[in-house]
Amino acid sequence: MSNLLWKSLVVSPAVLGAALLVSTTAIAAPNTTTQVSSAKQAGVTEVAQQPDVLAQTTIDQVNRYSNEGNQNNSQSQVTSVSQFSDVQPTDWAFQALQSLVERYGCIAGYPNATYRGNRALTRYEFAAGLNACLDRVNELIATATSDLVTKQDLATLQRLQEEFSAELATLRGRVDSLEARTAELEAHQFSTTTKLVGEAVFGVTDVFGGANGNNNNTVFQDRVRLDLQTSFTGKDVLHTRLAAGNAQSFALNGNNVGAEGTQTFQVGAGNGNNSVSIDRLTYEVPIGPANVYIAASGGEHSQYAAVNNPYFFDKTDGGNGALSTFASESPIYRIGGGAGIALNVPLGKGGGILGNSSITAGYLASQANNPGLSQGLINGDYAALGQLNFSVGNRVALAATYVHGYSASGALFNSTSAPNGAFAVGTQQANFLGNNTTGVISPSSSNSYGVEAAFRPSEKLSVSGFVSYHEVTGFGQNDDYNAWSYGLGVALPDLGKKGNVLGIFAGAEPYSFNRPGFTGNNVPYHFEGFYKYRVSDNISITPGVIWLTSPGQSSANDDAIIGTLRTTFTF
């Protein structure tokens, strides 16, 4: 179509007008229903395609266009091409402009005597120029000028019609096909407000090293999540996520009470037998400057708070970040979870040394639905988070986090993603709430402090890390203890191929020393390396290794080496 109009414009405005009417009629004739043109997008009323009123309607439309433009850029008629200060005889279109100006008088310029032929043409300017030519055509018709249309013009018009007839027929067929397909989609679409986001993780994994290798076998595990994401305003999102899986973590040195080496796809997998459950029901919506997060079930702090661990963290605890729950995010975000509310409020308008900053506050209760004694939203287990977020330029992100929690379930790091209320990360010494000498679980409160930072010196390098400290006060005798954790990761994104990631992480999983009833005061170091290879937009393969020293905080235990080949399908 654009070639048709351009060739017509060069030949003659009369040809232009006729070609425009013929081509428009050719497209519209097979379909008598009302068509929506680009003119409608600019506010012009759509018209029924009736041949006898089409010409006048077209002129009315371009008249409206020319009146809607910026008056400061209004165009004025010229009588000679020499009136344009920026048009030279050496210009490639000089003869065409000269013919249109001197023969037909239908070229308009700007008030400053410029034509501006080398810049893009706006819709308003095109409409104004076309209107000038159509006015001139009407004038020539009214005065019956002898050289209105020459035989050469008619021959050119006929040739153009023949040349583009096949193209117009093809275009008409494509439009009809698109209309039919669109109607089919609208009639059978799942929902106008909801889209399905799915993820399936297959993991082949084994553990090696002394007693660890003897106590475990190679396993093939899976986890599947289907997330229905619904938006009612275009800015909010309701997550309704279904999950099923059979993945479980390894028993290290015959002791399965800790969570060292637990991998991300081994949490949130239901009860381990591929039964389906709703593991997340949350709603996020902006209200004024704040972002509001509401969780009815399966809420976690990392779903609304910035963890500052790019390329290692996957917001869904899924299959696209680090292998382990420890390398994925600071353990401080795995204290508590469930139902509750959170806010993220920006502070100021940014600028200065610290750039954009914000404050995050959230409250989650794991027994919010239970009306029993010492249960519910307020009296049961809960965790309240407060966090300050800062940025230094666009390369550094910082966060200072505080979490106050209460738990009677016997675990400090007991986020809802941990299967069956088990520990999500760390050793038993750092998790167990109560007296291990007597084996009695007692309610405990905790105050946790953390710092998280991420530095991205270039597009091909990211460095991130965290430190967390936890003070636990038990309500029984000898139940008080302190715990520490820290880690540092280096990621090389797009290594070898866009979308690939090489990640190396090292640190100490949550540990605690000198607790009554426990043996072992060694730091449980964690070393991890993985390479995510992007097969396609929807498939990635991640081989990796996790090396754990002193499992159970005891150097008497053999080191554990966990090898994993993880395949992730997203759709």
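Tell me, yes or no, whether segment 153-166 has at least one residue that is under 30 Å from Leu242 (Cβ atoms), at pLDDT 80 or above and either touching a strand residue (DSSP E or B) at 6+ places or on another chain (Cβ under 6 Å) or surrounded by 11 or more Cβ atoms within 10 Å (Cβ to Cβ) (or both). There is no residue in segment 153-166 that is under 30 Å from Leu242 (Cβ atoms), at pLDDT 80 or above and either touching a strand residue (DSSP E or B) at 6+ places or on another chain (Cβ under 6 Å) or surrounded by 11 or more Cβ atoms within 10 Å (Cβ to Cβ) (or both).
Every residue, every condition in (1) surrounded by 15 or more Cβ atoms within 10 Å (Cβ to Cβ); (2) assigned by TED's automatic domain parsing to the domain that holds Leu461; (3) over 16 Å from Asp314 (Cα atoms), yes or no:
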{"position": "Phe475", "(1), (2), (3)": "no, yes, yes"}
{"position": "Asp479", "(1), (2), (3)": "yes, yes, yes"}
{"position": "Leu495", "(1), (2), (3)": "yes, yes, yes"}
{"position": "Gly503", "(1), (2), (3)": "yes, yes, no"}
{"position": "Phe527", "(1), (2), (3)": "yes, yes, yes"}
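Filtered by the rule that a residue be in contact (Cβ under 8 Å) with a residue 40 or more places away in the chain and either hydroxyl-bearing (Ser, Thr, Tyr) or farther than 21 Å from Pro510 by Cβ (or both), segment 460-474 gives Ser462, Ser464, Ser468.
Residue count for segment 104-135 under the criterion of being over 19 Å from Asp153 (Cβ atoms) and assigned to a loop (DSSP other than H, G, I, E, B): the result is 13. Of the numbered conditions (1) outside any loop (DSSP other than H, G, I, E, B); (2) surrounded by fewer than 22 Cβ atoms within 10 Å (Cβ to Cβ), Gly520 fails exactly one; give the number of that condition. That leaves (1) as the condition not met. Against the definition (under 28 Å from Gly245 (Cβ atoms), buried (at least 18 other Cβ atoms within 10 Å of the Cβ) and of a type outside the set (Val, Ile, Thr)), how does Gly465 come out, yes or no? So Gly465 does not fit the description; no.
Do the conditions hold for Gly487, that is, is it assigned by TED's automatic domain parsing to the domain that holds Ile278, in contact with a helix residue (DSSP H, G or I) (Cβ under 8 Å, 6 or more places away or on another chain) and either at pLDDT below 95 or buried (at least 18 other Cβ atoms within 10 Å of the Cβ) (or both)? For Gly487, the condition - assigned by TED's automatic domain parsing to the domain that holds Ile278, in contact with a helix residue (DSSP H, G or I) (Cβ under 8 Å, 6 or more places away or on another chain) and either at pLDDT below 95 or buried (at least 18 other Cβ atoms within 10 Å of the Cβ) (or both) - is met. Annotation: Asn414 fulfils all but one of (1) part of a loop (DSSP other than H, G, I, E, B); (2) surrounded by fewer than 18 Cβ atoms within 10 Å (Cβ to Cβ); the unmet one is (2).
Yes or no: segment 532-555 includes at least one residue that is assigned to a loop (DSSP other than H, G, I, E, B), in contact with a Phe, Trp or Tyr (Cβ under 9 Å, 6 or more places away or on another chain) and within 30 Å of Gln477 (Cβ to Cβ). Yes, there is a match, as at least one residue in segment 532-555 is assigned to a loop (DSSP other than H, G, I, E, B), in contact with a Phe, Trp or Tyr (Cβ under 9 Å, 6 or more places away or on another chain) and within 30 Å of Gln477 (Cβ to Cβ).
Among the numbered conditions (1) modelled with pLDDT of 95 or more; (2) farther than 26 Å from Leu502 by Cα; (3) not aromatic (Phe, Trp, Tyr), the only one that Ala327 does not meet is (2).
Is it the case that some residue within segment 475-495 is under 28 Å from the mean Cα position of the chain (by Cα), closer than 30 Å to Val197 by Cβ and without any contact (Cβ under 8 Å) to a residue 12 or more places away in the chain? Scanning segment 475-495 turns up no residue that is under 28 Å from the mean Cα position of the chain (by Cα), closer than 30 Å to Val197 by Cβ and without any contact (Cβ under 8 Å) to a residue 12 or more places away in the chain. Quick check on Ser485: is it of a type in the set (Ser, Thr, Tyr), in a strand (DSSP E or B) and within 25 Å of Ser249 (Cβ to Cβ)? It is true that Ser485 is of a type in the set (Ser, Thr, Tyr), in a strand (DSSP E or B) and within 25 Å of Ser249 (Cβ to Cβ). Look at segment 376-394: where a residue is assigned by TED's automatic domain parsing to the domain that holds Ser462 and a partner is among the β-branched types (Val, Ile, Thr) and crowded, with 17+ Cβ neighbours inside 10 Å, sitting 6+ places away or on another chain with Cβ atoms under 6 Å, you get Ala383/Ile335; Ala383/Val403; Leu385/Val403; Gln387/Thr360; Gln387/Thr401.
Only one of the numbered conditions (1) surrounded by fewer than 22 Cβ atoms within 10 Å (Cβ to Cβ); (2) within 17 Å of Thr316 (Cβ to Cβ); (3) in contact with a Ser or Thr (Cβ under 7 Å, 6 or more places away or on another chain) is violated by Ile294, and that is (2). Of all the numbered requirements in (1) touching a residue at least 40 places away in the same chain (Cβ under 8 Å); (2) surrounded by fewer than 19 Cβ atoms within 10 Å (Cβ to Cβ); (3) over 18 Å from Val425 (Cα atoms); (4) of a type outside the set (Asp, Glu), Phe513 misses one, and that requirement is (3). Taking the criterion of being part of a helix (DSSP H, G or I), free of Cβ contacts under 8 Å to residues at least 40 places away in the same chain and of a type in the set (A, V, I, L, M, F, W, C), the residues of segment 78-103 that qualify are Val81, Phe94, Leu97, Val101.
Within segment 490-511, the presence of at least one residue that is modelled with pLDDT of 95 or more and over 19 Å from Gly544 (Cα atoms) is confirmed. Scanning segment 188-239 for residues being in contact (Cβ under 8 Å) with a residue 40 or more places away in the chain and of a type in the set (Ser, Thr, Tyr) gives a total of 2. Could you check, for segment 398-406, whether at least one of its residues is under 24 Å from the mean Cα position of the chain (by Cα) and assigned by TED's automatic domain parsing to the domain that holds Ala453? Within segment 398-406, one or more residues are under 24 Å from the mean Cα position of the chain (by Cα) and assigned by TED's automatic domain parsing to the domain that holds Ala453.
Annotation note: of Ala295, Ala183, the sole residue that is more than 21 Å from Thr542 (Cα to Cα), among the hydrophobic types (A, V, I, L, M, F, W, C) and assigned by TED's automatic domain parsing to the domain that holds Lys315 is Ala295.
The values are calculated or read from the model by the stated rules, or taken from the named source; none is laboratory data. Small disclaimer: the values here were computed from a predicted structure and weren't measured. Methodologically, a virtual Cβ is constructed for each residue, glycine included, from the backbone with ideal geometry; neighbour enumeration extends over all protein chains shown.
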